1. Test Ile466 against the criterion of being in contact with a Phe, Trp or Tyr (Cβ under 6 Å, 6 or more places away or on another chain), surrounded by 18 or more Cβ atoms within 10 Å (Cβ to Cβ) and β-branched (Val, Ile, Thr), and give yes or no.
2. So is Ala70 at pLDDT 90 or above, over 13 Å from Ala286 (Cβ atoms), in contact with a Lys or Arg (Cβ under 6 Å, 6 or more places away or on another chain) and of a type in the set (A, V, I, L, M) or not?
3. Mind checking which residues of segment 1-52 are farther than 30 Å from Tyr343 by Cβ, buried (at least 18 other Cβ atoms within 10 Å of the Cβ) and at pLDDT 75 or above?
4. When Leu196 is evaluated against the numbered criteria (1) touching a residue at least 40 places away in the same chain (Cβ under 8 Å); (2) out of contact with any helix residue (DSSP H, G or I) (no Cβ under 7 Å at 6 or more places or on another chain), which criterion, by number, is the only one it fails?
5. Please tell me if Ala76 is within 18 Å of Arg280 (Cα to Cα), in contact (Cβ under 8 Å) with a residue 60 or more places away in the chain, surrounded by 21 or more Cβ atoms within 10 Å (Cβ to Cβ) and within 19 Å of the chain's Cα centre (by Cα).
6. Is it true that some residue in segment 497-517 is of a type in the set (Gly, Ala, Ser) and in contact with a Lys or Arg (Cβ under 7 Å, 6 or more places away or on another chain)?
7. Can you tell me how many residues within segment 487-525 are within 29 Å of Tyr80 (Cα to Cα) and either in contact with a Gly (Cβ under 9 Å, 6 or more places away or on another chain) or not β-branched (Val, Ile, Thr) (or both)?
8. Please work out if Leu445 is within 27 Å of Ser102 (Cα to Cα), assigned to a helix (DSSP H, G or I) and touching a residue at least 60 places away in the same chain (Cβ under 8 Å).
Amino acid sequence: MESIGLQTIDFVIIIVYLVGIVVYGIRKGKQQSSEDYFLAGRNMTWPIVGISLFAANIGSNTLIGLTSDAYQQNVAVYNYEWMAAVVLVLFAIFFLPFYLKSKVYTMPEFLERRYDGRSRYLFSGVTIIGNVIIDTASGLYAGNLILKIIFPDVESWIIIAFLALAAAAYTIPGGLSSVVHTEVIQAVLLIFGSMLVTYFALEQVGGWNGMIDGLNQMRAAGDVEKTPGEIMSLIRPASDTRMPWTGLILGVPLLGFYFWTNNQFMVQRVLSAKDLDHGRWGALFAGLLKLPVLFIMVIPGVIAIVLFSGLDISFLKYTLPESGEICANLADCPNMTYPVLIYKLLPTGILGLVIAGLLAAMSSSISATLNSASTLITMDFVSKIKPDMGSKALVRAGQIATCVLVILAAAWAPMIESFASLWEYLQLVLAYISPPIVAAFVVGLFYKRANANGGFYGLVLGYGTIILFIILQQTGAVPAFENFHFLLQVPMFFVISCLLNIMVSNMSAAPAAEKTDGMIWTKKIYTDETAELSALPWYKNYRILSILLLIVTAIIVIWFR
């Protein structure tokens, strides 16, 4: 049986990195006030904001999920990545100015400004649950996949507990400042490591043409179902089981909208920007960083089809959760695609560096979600229950909340094994959480008549509709629901939630002027902003930068259509 090839130098690199990042994170921490602890003093510049957004998004769970789906002949998974650039442009234009002007700590707090406290607490509770079961738990699960290979005899719960402790070690004492500064280091390491994996994978397969030739040969031999053109295509037919073009147009943008513009764990980084310009530039920079993901994180999964489809991977000692047997075929455990790539292709030293990068990505996502969830608990619940608490007491409450969340996420992480793939888990849960929230923000920003009752009952009845749908789907009571693609469910739930908000709002009194003043987007805002931007050079005009970002995005999508 093969070994995984880790040498002493690899272990040294991994240990030095983990210790170093914890020490660095603690030193960069700020906790003089609640604003320091939860929003890094609102003093972050655009490169830090952009890199932090990217690092928080591209954790080890996303990296493993993207490569896994690409190995399963689904390069269309990249549609989630390029769509982020489009969503972030809309975010910079319409929503970010209102967020920063309101000086809120949390997204639920903003929803309270527009509607009332009921919507705030409901949204906050949903977000906290989402942060624990989607982002934190999946990050721990992905980290466990990597370390379980190195330490196969160690129980998964021990590895998960260790990873949770490592991520919490600097998040708890340092707050968002620690998180953001360490994310910059981690993002650089992750990108560099991903580029190395792509380089060695292309070298092994004989370059881009070698990859295409290999796929053609496997197609001729009947080893793959699709042609290279179909595998590499981003735009799939409506009958596609993974990403139909209808779901790409209607569902993916809404999932991205929630993730990038409503999710506390992402938006909190932009709230820390020193001003609106830096917030906008940072958001657009994050969108730009998402575009190369196709080449450094998705394409390696395609190369793995050629290199490792017939490989006996029992040397990884990965145990299948259903049977308890060691997985011998990559097709049976596609989440192992990225580990196989790094362990089979990378030389000593570089292997340790890339594993450190994976752990960096895991740590980045976990620390981000822990900090954002603790912010929600502290600012949306604790500060309301005890309004006389001082700034230092609020910081202490946030630290305690982080400890509790770490434990809950570590307990949930093993449950992810029951899903077919890590990426499927991430998107499916997100599909059920996001539509009512996106509807509340969109209606609230563009429909002046929306009131507190509409906002609250739009959320309650929206989630009620989703729960009813899940019950009917799981019981088979409505046959049409059983194969209803989740990306088409998302727009359906969104429209229903919007209509419920509007209908209930019109059944009661119009909102008071203080609820809508400065909270509704109007054409005048656009006109006034045009005059302000006319005095700026092109490279500081976020509209011009947005157009350039969209052009680059369109070129990539058209090339791989």
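The values are calculated or read from the model by the stated rules, or taken from the named source; none is laboratory data. This structure is a prediction, so every number in the text was calculated from the model and none was measured. Note: ideal-geometry Cβ built from the backbone for every residue, glycine included; neighbour counts use all protein chains shown.
1. In short, yes.
2. In short, no.
3. Met44, Trp46, Ile48, Val49, Gly50
4. Unmet for Leu196, out of (1) touching a residue at least 40 places away in the same chain (Cβ under 8 Å); (2) out of contact with any helix residue (DSSP H, G or I) (no Cβ under 7 Å at 6 or more places or on another chain): (2).
5. Considered against the rule, which asks whether it is within 18 Å of Arg280 (Cα to Cα), in contact (Cβ under 8 Å) with a residue 60 or more places away in the chain, surrounded by 21 or more Cβ atoms within 10 Å (Cβ to Cβ) and within 19 Å of the chain's Cα centre (by Cα), Ala76 comes out as no.
6. yes
7. 16
8. yes
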